[in-house]
Amino acid sequence: MFDKLTKLLIVAGYACLFSGPLLIYQPVGADEAKKTSDGFEKPYGYYVNPILEAVKANDDQRKKITAIVEDLRPTIEPLRKKFREKQAVFLSGMTTGASAEDLLCAQRELSQIRGEINDQYLLMRLRIRKLLQPAQQIAYDDFLARQGWLKKKPIK
């Protein structure tokens, strides 16, 4: 009985943590309205224009920011694909009653990949930030603060 209870608690805990892996598919500027009609997210890089508009980037900045995003594509895209594959394995294990050890292993892999993706997105944000003037940096910070679960109200 204890073994089943332990397994149930572990599975329930990971079900609660499942929302974390979903966040990785919502890069800066993503929200439900930006998903395609089939429910999947739009491709990497679609959030560049909202950033450019938010900071009122000039032509030179637009080219450089777009280049930064494109330079990171070969690093981020394979990680996102790998994450989706590992996530499918994890969810399959959750629904088919895989052993706790298998679920823990799959969750660790997801966490490691998610960390790598987050590192790349942070690198991108820092590179973009270097190109911005102080007033644009404030606008960029405000834009970023309005993304994700803890959305901040826009500065008027």
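Summary table below
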read-out	value
Residues of segment 87-99 that turn out to be surrounded by fewer than 18 Cβ atoms within 10 Å (Cβ to Cβ) and either of a type in the set (Ser, Thr, Tyr) or within 17 Å of the chain's Cα centre (by Cα) (or both), as a count	5
Some residue of segment 91-106 being closer than 20 Å to Tyr46 by Cβ and of a type in the set (A, V, I, L, M, F, W, C)	no
Selection within segment 99-114 - assigned to a helix (DSSP H, G or I) and over 14 Å from Gln87 (Cα atoms)	Ala100, Glu101
Subset of segment 41-61 [surrounded by 15 or more Cβ atoms within 10 Å (Cβ to Cβ), over 18 Å from Tyr121 (Cα atoms) and of a type outside the set (A, V, I, L, M, F, W, C)]	Gln61
Leading residue by the ranking (surrounded by the fewest Cβ atoms within 10 Å (Cβ to Cβ)) among those in segment 104-150 that are in contact (Cβ under 8 Å) with a residue 60 or more places away in the chain and of a type in the set (A, V, I, L, M)	Leu104
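Yes or no, residue by residue, for (1) modelled with pLDDT under 90; (2) on the phi > 0 side of the Ramachandran plot; (3) of a type in the set (S, T, N, Q):
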{"position": "Gly29", "(1), (2), (3)": "yes, yes, no"}
{"position": "Glu77", "(1), (2), (3)": "no, no, no"}
{"position": "Ala88", "(1), (2), (3)": "no, no, no"}
{"position": "Ala100", "(1), (2), (3)": "yes, no, no"}
{"position": "Ser111", "(1), (2), (3)": "no, no, yes"}
{"position": "Gln120", "(1), (2), (3)": "no, no, yes"}
{"position": "Arg127", "(1), (2), (3)": "no, no, no"}
{"position": "Gln133", "(1), (2), (3)": "no, no, yes"}
{"position": "Gln136", "(1), (2), (3)": "no, no, yes"}
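The values are calculated or read from the model by the stated rules, or taken from the named source; none is laboratory data. This one's a predicted model, so the numbers in the text were calculated from it and none came from an experiment. Cβ coordinates were reconstructed from backbone atoms using ideal geometry, including for glycine residues, and neighbour counts include every protein chain displayed.
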